[in-house]
Structures are given as C-alpha cells and as structure tokens.
Amino acid sequence: MTQQNNTRAGITLMIAATIVFATQDGISRHLAGTYNTYMVVMIRYWFFAAFVIALAAHAPGGVGATARTQQPGVQILRGLLLAAEICVAVYAFTILGLIESQAVFICYPLLVAALSGPVLGEQVGWRRWAAIGVGCVGVLIILQPGIGVFNPWAVIPLIAALMFAVYGLLTRYAARRDSTATSFFWTGVIGAVATTLVGVWFWEPMARADWLWMALLCVTGVLGHWLLIKCYEMAEASAVQPFAYFHLMWSAILGISIFDETLRPAVIVGATLVVAAGLFTLWRERRQR
C-alpha cells in the first residue's frame, strides 16, 4: 500500500473514530443525566481495562512485557489524570450539553502547544503563540464572561481541556522511554483501579434498558480507541489530526437532534476561531518536522 493510500485510510479511520466518540459522548450524557457520573465512568473503565489486558496478553512477551516500565510514576499520573478528565467532561455534558462542552474542549491542542515549552522543553515560536491567542479569544467568545450573568459552569469543559492537554504532554514524555502499548496498558488499568475506588461508593441500581446503553458505551469506548490505534498505524499523526475536529460537528448534530440543544451564534464564531487556530498550530508543527 502506498503512502498516499495509507494517509487516505488513516483519515477515514480518524473520521470513523470521531463518529464513534461523539456517539459515546451522547450515551455518556444520557446515562450520567440519570445515574452518578463516577459509577458510569467506573463501569466504562472496567471494560476498557479488560480490553487493554487482552491486548497485552496477545502481545509478544505477554502482560508482563507490556506492563514493564522504567517510569511508573509518570504512567500512574497519566492514568489518574485521564480518568479524572473523563469524569469532569462527562459531568460537563450533563450541565452544559454536548455542543457547549465540545466547543470549549476543542481548545486542548492549543493548550498542548502552550504548555509544551515549559513541560517538555519544546520551542514555541511567535506564530504558534499568535494562534494560541486567537484560540483564547474564541474560547472567551463562547464563554461570554462579560455579557449578562456569567455561568461559572462553563469553566468545567475548560478544566477538562486543560487536564487532557497535560495528559497528552505526559503521554509524549512517557513515549521517550515506553512503547505505545505500555502507555495504553497503564492508562486502562490505572484508570479502572482509580475509578473503582471512587465509583463503588456511588453504586445505584440501573434499569435493564440502561444496561444496554451501558454495554453500548463500553463497546464504543473500545472501538474508538481501536480505530485510533489503527489510524496512527496507517498514517502520521500530523496528517490525520486535523480531521479530529469532525468530533465537534457530530456532537452538534447529536445535541440538536437528540437532546434539543441550541447552537448559539457565539458558539459558532468562537468554535470557528478555535478550530482555525488549532489547524494552524498543527500545520506549523508538521512544517517544522
């Protein structure tokens, strides 16, 4: 298969992954709107942990080889951070809805660019700083802190974006000494342990129909990660990452058609600025490489 075909296949897989993740967000909003967020995330992580353990068991050297790391502290911190970020993001869905939450959350690539200097020692030029500034303006337009009564809940997806950005930077740092399979294993296992320690205290009976939704949530979670793995195996991250912004479009479609959400003009303008700034940042990163 040629490089061009590989890139096309990677783009197709990335778009498919965004559809799956948007579906997962919609199901998470439905379940977390009825049941405790910690319990929903805990059950989701159980299935995720089973998936990564199964992958490790079939890898060369088995679970022991996959789990072996020289930086357990970094891997544990990564797992805890992602689990906490998922809880915050799902909670944001129940408070603000899919559209508002995702419109703010998509600023995380800009936060990664901003923090890559102090955290990883990477050089961030003035062009990328300018793009980060434009993205910040977009987020402010969405949040509208100076118009009427500011809704403090609107900061929740911004906190989730910051947590996910730090998680991404720690993943980059871990990749210097650990394989992708090792990081993936620790992400699932540590997340399952952490969410179980918290979520078990919030257990509540679930209706039979909602168990079906929970099963679908678990399947979409695993399928989404599998699609991303295959996507990055097929093509360079810089080539496929811009298509991750399709996630916002699918979330908007779900929010409007299923949850009766509205699309504010400020969200459209702000999200456009954030996406444009994010695409420029990705383009600059690819060009420098």
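The values are calculated or read from the model by the stated rules, or taken from the named source; none is laboratory data. Note that the coordinates shown come from a computational prediction; the quantities given were computed from them, not determined experimentally. Quick reminder, even Gly has a Cβ in these numbers, built from the backbone with ideal geometry, and neighbours come from all protein chains shown. Each accessible area value is taken on the protein alone, full model and side chains, heavy atoms only, with ligands, DNA and RNA left out. Shrake-Rupley method; radii C 1.70, N 1.55, O 1.52, S 1.80 Å.
As an exercise, use a Förster radius of 25 Å and the Cβ-Cβ distance of Ile95 and Ala266 to find the FRET efficiency, rounded to the nearest 0.05. Please report the intermediate quantities before stating the final value.
Working: r = 18 Å, r/R0 = 0.71.
After rounding to 0.05, the efficiency reads 0.90.
Is it possible to state the helix-based mean residue ellipticity at 222 nm for the chain, with each DSSP H run of 4+ residues giving -39500 (n - 2.57), the sum divided by total residues, to the nearest 500 deg cm²/dmol? What is it?
Numbers: 13 runs with 227 residues, N = 289.
Here the helix-only value at 222 nm equals -26500 deg cm²/dmol.
In square angstrom, rounded to the nearest 10, how much accessible surface does Thr23 have for a 1.4 Å probe?
Only protein atoms counted, so the area is about 50 Å².
Can you give me the accessible area per residue for the chain, using a 1.4 Å probe, in Å²? Before the final figure, lay out the partial values.
Values: 14100 Å² over 289 residues.
I get 49 Å² per residue for the chain.
Kindly sort Ser257, Ser183 by accessible area of their heavy atoms, largest first, with the probe set to 1.4 Å. Intermediate results must be reported in sequence, preceding the final value.
On the way: Ser257 75, Ser183 10 Å².
Descending order: Ser257, Ser183.
Charges only on Cβ, +1 for Lys and Arg, -1 for Asp and Glu: so what's the dipole of the chain about the Cα centre, in debye to the nearest 20? Mind dumping the intermediate values first?
Working: 17 positive and 12 negative charges, 166 e Å.
Charge dipole of the chain: 800 debye, to the nearest 20.
Between Ser251, Leu140, Thr196, whose Cα lies farthest towards the positive end of the dipole of the chain when Lys and Arg beta carbons carry +1 and Asp and Glu beta carbons carry -1, centred on the Cα centre?
Checking the options against the dipole of the chain, the answer is Leu140.
In nm, what is the difference between 0.36 nm times the number of residues separating Ala276 and His58 and their Cα-Cα distance?
Working: separation 218, 0.36 × 218 = 78.48 nm, distance 4.10 nm.
The span from Ala276 to His58 would gain 74.4 nm if fully extended.
Are there DSSP H segments in the chain that both extend 15 Å or more along their axis (alpha-carbon positions) and score a mean Kyte-Doolittle hydropathy of at least 0.0? List them, or say none.
Values: long enough: 3-32 (42 Å, 0.20); 37-57 (30 Å, 1.80); 72-96 (35 Å, 1.67); 108-120 (16 Å, 1.65); 126-143 (25 Å, 1.54); 156-174 (27 Å, 1.61); 180-199 (27 Å, 1.28); 208-234 (39 Å, 0.89); 246-257 (17 Å, 1.42); 265-288 (35 Å, 0.73).
Sorted by number, the helices that extend far enough and score high enough are 3-32, 37-57, 72-96, 108-120, 126-143, 156-174, 180-199, 208-234, 246-257, 265-288.
Which order do Asp178, Asp260 take when ranked by solvent-accessible area (1.4 Å probe, heavy atoms of all protein chains), largest first? Kindly include the intermediate steps, with their values, before the conclusion.
On the way: Asp178 15, Asp260 125 Å².
The residues order as Asp260, Asp178, largest area first.
Given the peptides 56-62, 194-200, 35-41, arrange them by the average over their residues of other C-beta atoms within 10 Å, most packed first.
Details: 56-62: 12.0, 194-200: 17.9, 35-41: 22.4.
For the peptides 56-62, 194-200, 35-41, the packing ranking is 35-41, 194-200, 56-62.
For Ile258 and Val200, what does the FRET efficiency come to when R0 = 30 Å and r is the distance between their Cβ atoms, rounded to the nearest 0.05? Before the final figure, lay out each step's value.
Values: r = 30 Å, r/R0 = 1.01.
Once the sixth-power term is evaluated, E becomes 0.50.
Quick one: how many Å² of Ile86 are accessible to a 1.4 Å probe, rounded to 10?
The accessible area comes out at roughly 20 Å².
Could you check the spin-label model distance between Trp129 and Trp283? Points 7 Å from the Cα along Cα→Cβ, value in nm.
Calculated label separation equals 2.1 nm.
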